[in-house]
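Undergrad: Quick one: the structure is below, questions incoming.
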Amino acid sequence: ISTRTRGIDVVLAHRTQLGQGRLNTSLGVNFNSLDTTSVNTNEKLKPYKDLYFDLREYYFVRASAPPSKMNLTLDYSVNKWAFLLRFVRFGEVKLANWNYDPTDLDIYRPKVTTDLSISYRFTPLVGLSMGGSNIFYVYPDLHRADLTESGGAWDPVQMGSNGAYWFGKLNFRF
């Protein structure tokens with residue numbers, strides 16, 4: 001297939017001293033529109049292109065570039081400590097169901113996830129970070145399992161469906 005994507009990315013960043021530490025703030029915003037311009041195939045397969053690139057496939061291609069995503073990050077460091085708080089807003093995604101009814105779409109409404117981490121530098125070369133992504137277990141909207149791509153409660157959509165991810169990292173600089 002051939003597609004055309006049009007959009008805009010805007011990133012604003014600010015750094016300032018706050019108390020004894022430094023606060024870095026960034027806001028990233030993306031808006032775009034992806035359209036399928038053509039389905040490229042050879043002459044023998046041309047009569048069947050609607051079978052292998054149907055309504056569902058069209059919506060899945062469009063969902064691969066969601067219409068919007070926003071990211072606000074606050075990163076504060078003081079002495080040997082660093083604290084990161086991030087909010088990510090995933091825009092709405094629409095997917096067609098297995099019933100191929102263009103009026104019966106699965107609509108995954110916008111969602112906001114929250115990431116948080118705390119880091120400590122033992123030395124300039126060794127540090128420890130602990131935190132989580134999507135710490136409030138935000139999930140996509142539920143849909144009928146018999147009509148989704150995965151056969152589960154939702155399709156693979158804008159933000160994933162695994163809930164929170166917790167981590168601990170030991171960092172070494174060489």
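Undergrad: Quick one: in region 87-108, which of the residues that are under 13 Å from the mean Cα position of the chain (by Cα) and of a type outside the set (Ser, Thr, Tyr) is farthest from Trp154 (Cα to Cα)?
TA: Phe87
For (1) closer than 25 Å to Met130 by Cβ; (2) among the small types (Gly, Ala, Ser); (3) out of contact with any Gly (no Cβ under 8 Å at 6 or more places or on another chain); (4) open to solvent by 40 Å² or more (accessible area, probe 1.4 Å), each residue gets a yes or a no:
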site	(1), (2), (3), (4)
Arg4	no, no, yes, yes
Val10	no, no, no, yes
Phe31	no, no, no, yes
Lys44	no, no, yes, yes
Tyr48	no, no, yes, yes
Arg56	no, no, yes, no
Tyr76	yes, no, no, yes
Glu92	no, no, yes, yes
Thr103	no, no, yes, yes
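Undergrad: So, one more: Give me the pairs: first residue in region 9-23 and of a type outside the set (A, V, I, L, M, F, W, C), second residue outside any strand (DSSP E or B) and open to solvent by less than 100 Å² (accessible area, probe 1.4 Å), beta-carbon distance under 9 Å, and six or more apart or on different chains, which are they?
TA: From region 9-23, no pairs qualify.
Undergrad: While we're here: Taking only region 60-74 into account, find how many residues are modelled with pLDDT under 85, assigned to a helix (DSSP H, G or I) and open to solvent by less than 60 Å² (accessible area, probe 1.4 Å). Break it down stepwise before answering.
TA: Our first condition is that a residue be modelled with pLDDT under 85; within region 60-74, this holds for 60, 62-66.
Within this subset, residues satisfying the condition of being assigned to a helix (DSSP H, G or I) are 60, 62-63.
Next cut, open to solvent by less than 60 Å² (accessible area, probe 1.4 Å) only: 60, 63.
Qualifying residue count, region 60-74: 2.
The values are calculated or read from the model by the stated rules, or taken from the named source; none is laboratory data. Keep in mind that this is a model prediction, so the values were computed, not measured. Every residue, glycine as well, gets a Cβ built from its backbone with ideal geometry; the counts of neighbours run over all protein chains shown. Heavy atoms of the whole protein, side chains included, go into the accessibility calculation; ligands, DNA and RNA do not. Shrake-Rupley method; radii C 1.70, N 1.55, O 1.52, S 1.80 Å.
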